[in-house]
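**Student:** Can you read through this structure? Questions will come right after.
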Amino acid sequence: MPSKEQKLIAILGSTGSIGVSTLEIVASFPERYRVISLTAGSNISLLEQQIRLFRPEVVAVADESAAQQLRELIGDAGPEILSGVDGLICCATHPTVDVVVSAIVGAAGLIPTMSAVRAGKDIALANKEILVAAGELFMAEVERQGVRLIPVDSEHSAIFQSLAGQRGQDVRRLILTASGGPFRNASLEDLQSVSLADALAHPNWEMGQKITIDSATMMNKGLEVIEARWLFDLPAEQIAVHIHPQSIVHSLVEYRDGAVIAQLGVPDMKTPIAYALSWPERLPLKQNPLDLCRCGDLSFSEPDLERFACLGLAYQALETGGTCPAVMNAANEVAVAAFLQGKIKFLQIPAVISQVMSSHTPLAILELKQVLAADKWGRQKAETIIYEGVG
Ligand code: NAD
Ligand code: MG
């Protein structure tokens, strides 16, 4: 029986980088957290291990054949095993769940996470693509349901922490820091021929493949600007990006009296994940403390939008608004997948996105089905451009 002190959690995307780190926190604090549901795409063997360790009541996987495979591995004594979007929704809205950790990658996380909000669940949000594709609708639903939404993304967690106790009208701007990724110092010419292995070698963070490539193109920071726009309700003009290669200062808030408040720490996602689960408390994590006397110089500079065109495309999508960010996000997902499969070169990622965006006629978003239609359109357009050859 769960004690009253225990928070009951659902993890969407439990086999990913954020999902695994979340489960490490759960395992360290069993008196505080209990897993009710887990979901995964196709990594059945890791999900099987997680089921044996954490004993959830229900799990879901992407398709029915994976579900069948898992049922055979687990046998009758295990949890209910579901599949597809309906399965994800069941896991996200299970009646006993208090908080949903939204850590599926990409727009695939939108429907289950939105369903969780509609079911009145608190959300620890790692999945930034949800806010890129459907920020306005999602935040309106969070408001309507009165649920708690706490960011997991390290920059947004830093801003959330730097805003604590302050008045919104005193904020002059948010400053998101970016490591600059593996190609921070590469010339545009170097970027023509970088390999997949180079792009996957992030200097500071270990993450899933999609976000690692997004970090190399700096689309990740573009997605984060849009994420910040919705989470903190500030226009793009008040959201700046600074390159900070050391990833120690996780982001900053500048106030109108000139004061700047930042959150610092060693780069480890366990800190923001734990904070999103335990807020307003802080958990006694066994992290290496930040040793400012030994971490070397901290430096900051402006991003180069010529070499990192994706960042500019994201600002452009935010300015255009409506369905444009959803289309941009969809095109990026397809382009990154094509790059991972060796079908296109690194600099063709922004080229694909830019071509998709210029052929899109944006519409105002009034309901979720428009977001889903824009997402589908963006994917199909990007696939066609890649198939026909990127200009
Ligand atoms: P990942 O690729 O390591 O894991 C993604 C998870 O989602 C896996 O469990 C996978 O099985 C599942 N999944 C993927 N596609 C799915 C689908 N169609 N249906 C159902 N499940 C699916 O990704 P990650 O690095 O853990 O990132 C997850 C999210 O968190 C992303 O939106 C990312 O931008 C964000 N984020 C990650 C980090 C990080 O350090 N990894 C930091 C900040 C934000
Ligand atoms: Mg981040």
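**Student:** Looking at ILE123, is it free of Cβ contacts under 8 Å to residues at least 40 places away in the same chain, surrounded by 24 or more Cβ atoms within 10 Å (Cβ to Cβ), out of contact with any Lys or Arg (no Cβ under 9 Å at 6 or more places or on another chain) and within 25 Å of MET269 (Cβ to Cβ)?
**Tutor:** Numbers: free of Cβ contacts under 8 Å to residues at least 40 places away in the same chain: yes; surrounded by 24 or more Cβ atoms within 10 Å (Cβ to Cβ): yes; out of contact with any Lys or Arg (no Cβ under 9 Å at 6 or more places or on another chain): no; within 25 Å of MET269 (Cβ to Cβ): yes.
Against the criterion (free of Cβ contacts under 8 Å to residues at least 40 places away in the same chain, surrounded by 24 or more Cβ atoms within 10 Å (Cβ to Cβ), out of contact with any Lys or Arg (no Cβ under 9 Å at 6 or more places or on another chain) and within 25 Å of MET269 (Cβ to Cβ)), ILE123 does not qualify.
**Student:** So in the range 95-110, with the set limited to residues that are assigned to a helix (DSSP H, G or I) and near ligand 1 (Cβ under 10 Å from one of its atoms), which one is farthest from the chain's Cα centre (by Cα)?
**Tutor:** As a first pass, look at the range 95-110 and keep what is assigned to a helix (DSSP H, G or I): 107-110.
Imposing the further condition that a residue be near ligand 1 (Cβ under 10 Å from one of its atoms) reduces the set to 107-109.
Working: ALA107: 10, ALA108: 12, GLY109: 10 Å.
Among them, the one singled out is ALA108.
**Student:** Which condition does LEU149 not pass, out of (1) within 16 Å of ligand 1 (Cβ to nearest atom); (2) within 20 Å of PRO267 (Cα to Cα), if it passes all the others?
**Tutor:** (2)
**Student:** Right, something else. Taking the condition buried (at least 24 other Cβ atoms within 10 Å of the Cβ) and in contact with a helix residue (DSSP H, G or I) (Cβ under 9 Å, 6 or more places away or on another chain), does ILE344 pass?
**Tutor:** Details: buried (at least 24 other Cβ atoms within 10 Å of the Cβ): no; in contact with a helix residue (DSSP H, G or I) (Cβ under 9 Å, 6 or more places away or on another chain): yes.
Here the answer is no, as ILE344 does not meet what is asked.
**Student:** Determine, yes or no, whether VAL101 is in contact (Cβ under 8 Å) with a residue 12 or more places away in the chain, within 16 Å of ligand 2 (Cβ to nearest atom) and closer than 21 Å to LEU285 by Cα.
**Tutor:** Values: in contact (Cβ under 8 Å) with a residue 12 or more places away in the chain: yes; within 16 Å of ligand 2 (Cβ to nearest atom): yes; closer than 21 Å to LEU285 by Cα: yes.
Criteria met by VAL101.
**Student:** For LEU47, work out the one condition from (1) hydrophobic (A, V, I, L, M, F, W, C); (2) touching a strand residue (DSSP E or B) at 6+ places or on another chain (Cβ under 7 Å); (3) under 18 Å from ILE130 (Cβ atoms) it doesn't fulfil.
**Tutor:** With respect to (1) hydrophobic (A, V, I, L, M, F, W, C); (2) touching a strand residue (DSSP E or B) at 6+ places or on another chain (Cβ under 7 Å); (3) under 18 Å from ILE130 (Cβ atoms), LEU47 is out only on (3).
**Student:** Evaluate the range 206-227: report whether one residue or more is over 18 Å from the mean Cα position of the chain (by Cα), of a type outside the set (Lys, Arg), closer than 24 Å to CYS310 by Cα and more than 12 Å from ligand 1 (Cβ to nearest atom).
**Tutor:** So the first thing to find is which residues in the range 206-227 are over 18 Å from the mean Cα position of the chain (by Cα), and the list is none.
The answer is no, given that none of the residues of the range 206-227 is over 18 Å from the mean Cα position of the chain (by Cα), of a type outside the set (Lys, Arg), closer than 24 Å to CYS310 by Cα and more than 12 Å from ligand 1 (Cβ to nearest atom).
**Student:** Count, please, the residues in the range 246-293 that happen to be at pLDDT 95 or above and farther than 28 Å from ASP122 by Cα.
**Tutor:** Looking only at that region, the number is 14.
**Student:** Is it the case, given these coordinates, that PRO325 is at pLDDT 95 or above, buried (at least 16 other Cβ atoms within 10 Å of the Cβ) and in a loop (DSSP other than H, G, I, E, B)? Working first, answer last.
**Tutor:** Working: at pLDDT 95 or above: yes; buried (at least 16 other Cβ atoms within 10 Å of the Cβ): yes; in a loop (DSSP other than H, G, I, E, B): no.
It is false that PRO325 is at pLDDT 95 or above, buried (at least 16 other Cβ atoms within 10 Å of the Cβ) and in a loop (DSSP other than H, G, I, E, B).
**Student:** Another question, if that's okay. Can you report the number of residues in the range 51-94 which are in a helix (DSSP H, G or I) and not β-branched (Val, Ile, Thr)? Show your work before the answer.
**Tutor:** So in the range 51-94, the residues in a helix (DSSP H, G or I) come out as 51-54, 64-74, 84-93.
If we keep only those that are not β-branched (Val, Ile, Thr) too, we end up with 52-54, 64-73, 84, 86-88, 90-92.
Of the residues in that region, 20 qualify.
**Student:** What pairs can you find where one residue is in the range 127-149 and over 23 Å from VAL327 (Cα atoms), the other is of a type outside the set (A, V, I, L, M) and assigned to a helix (DSSP H, G or I), and their Cβ atoms are less than 9 Å apart, with a gap of 6+ or different chains?
**Tutor:** That search, which allows pairs on different chains as well, returns ARG144/ARG118; GLN145/ARG118; VAL147/GLU141; LEU149/PHE138.
**Student:** If you don't mind, there's one more thing I want to ask. Just need a number here: residues in the range 112-166 that are assigned to a loop (DSSP other than H, G, I, E, B) and among the acidic types (Asp, Glu). Working first, answer last.
**Tutor:** Of all residues in the range 112-166, those assigned to a loop (DSSP other than H, G, I, E, B) come to 119-121, 126-128, 146-148, 152-153, 164-166.
Subsequent filtering for residues that are among the acidic types (Asp, Glu) retains 153.
Counting residues in the range 112-166 that are assigned to a loop (DSSP other than H, G, I, E, B) and among the acidic types (Asp, Glu) gives 1.
**Student:** What residue, among those in the range 185-225 that are farther than 19 Å from ASN332 by Cα and within 16 Å of ligand 2 (Cβ to nearest atom), is surrounded by the fewest Cβ atoms within 10 Å (Cβ to Cβ)?
**Tutor:** GLU206
**Student:** Contact list please: Cβ distance under 9 Å, first residue in the range 182-200 and modelled with pLDDT under 95, second residue of a type in the set (Gly, Ala, Ser) and part of a helix (DSSP H, G or I), pairs at least six apart or on different chains.
**Tutor:** none
The values are calculated or read from the model by the stated rules, or taken from the named source; none is laboratory data. Source: prediction; values computed, not measured. Counting neighbours? That spans all protein chains shown, and the Cβs are built from the backbone with ideal geometry, glycine included.
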